[in-house]
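Remarks on the structure that follows.
Every read-out reported here was derived from the displayed coordinates using simple, explicitly stated rules and does not represent laboratory data. The structure displayed is predicted, hence computed values, not measured ones. With ideal geometry, Cβ positions are generated from the backbone for all residues, glycine too; neighbour counts draw on all protein chains shown.
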Amino acid sequence: MQTIKDTLAENFGGPVSKLGSRQFKLDECPDLSDKVAVVTGGSEGIGFGVTYTLLKHNISKLYILSVSKEVVEGAKDVMAKELGQDKADRTVWIQCDLANWMRVKEVAENIKRDAPRLDILVNNAGRGIMPAEMTSYGVDRHMAVNHMGHVILTSHLLPLMKRTAENGAIVRISNQSSNLHQKAPSDTKFATLEEINRDLGPNGQYARSKLAAILYARYFTRKVTRNGFPNLLMNATHPGFVSSKQSRTDIFDAFPLAGYAMSHGIEPFKKDQFEGAVPTVYAVTTTEESGQYICPPAIPEPGSELAQSDELADSLMELTRKVISEKTGAPFDDLAVND
């Protein structure tokens, strides 16, 4: 019976969200004075719920990485009205398309020069359930944005996070995953670029990239957290069914007719952006574990059989290193990617 209650709490909003075996509320977020955060896609949807909460709990500086300046300005207006101008002014917007890997590296290097520390990294931005598409590098856009762009960002920010952790702070990273990772093909090997460029359909493309988010967290835990940096944690999260641009609008790109079920049919049962932010906020402010797959509100779950495979995680990260190196023409041997 509790398993059923946990499933309902994980995926839907309103009263059923209180049925979970473990609870966490955004108001339980600790005081974040003197801490610094980076949030990708932090100006709308779940990302806005995260940035709003971090500011509400006194984060000292928050870098928002996103594509649209107009969306960020709208978000800052809301923050100024509801949290005060001082809180809104703690945000720094940086234009960054995660599919542009050289720009991602540049942004990370700029943050390292500007910030004295980095306590929180939220790898949130991503491509939703949409048709297959290639980036200018010739890589599937779901994997290029949802996984590889965030690996580049994390890897180039890693020296700053390591210094922060070495000074006694707990540094936390979260990767936005989804229960749909379970729909990744059972024959997923992450062996070649040709494999990840194979069109699996909108659900399959999305699922595979969300599987990668969990595998990366578990790989990072083995290679970094348990290899000399116990205060440097990475976890993956599942937000549940959230009312967002992805579920209300983008879904029609993949399913022109059937998308109505997602955009309208279950809309009354979806979580809002703040409910969707709960597991991420827990992961980047409270947990003391690493390598977990955290479902709402704060329930660690094993994930699919593929998500539990260290061998598959190793293959994913070796392929990630190879593709990034070949496509950018620059070696990419950071510990966050390779041994």
Fill in the blank from the handout: Mean projected area (nm²) from the convex hull of Cα positions in segment 83-149 is 6.0
Fill in the blank from the handout: The local net charge around Asn231, scoring Lys/Arg +1 and Asp/Glu -1 for residues other than Asn231 whose Cβ lies under 13 Å from its Cβ, equals +1
Problem - Where labels lie 7 Å past Cα in the beta-carbon direction, separation of Glu326 and Thr192 in nm - result: 1.0
Handout entry: Prolate/oblate/rounded call for segment 58-114, Cα gyration tensor, a/c under 1.5 rounded
Key = oblate
Practice task
Give me the percent of Cα-Cα pairs in segment 28-184 that sit more than 20 Å apart, rounded to a whole number.
Solution key: 49
Problem - Inter-probe distance in nm under a simple model that places probes 7 Å from Cα toward Cβ, at Glu106 and Gln308 - result: 4.5
Practice task
Would you mind pulling out the separation of the Cα centroids of segment 187-243 and segment 110-139, in Å?
Solution key: 14
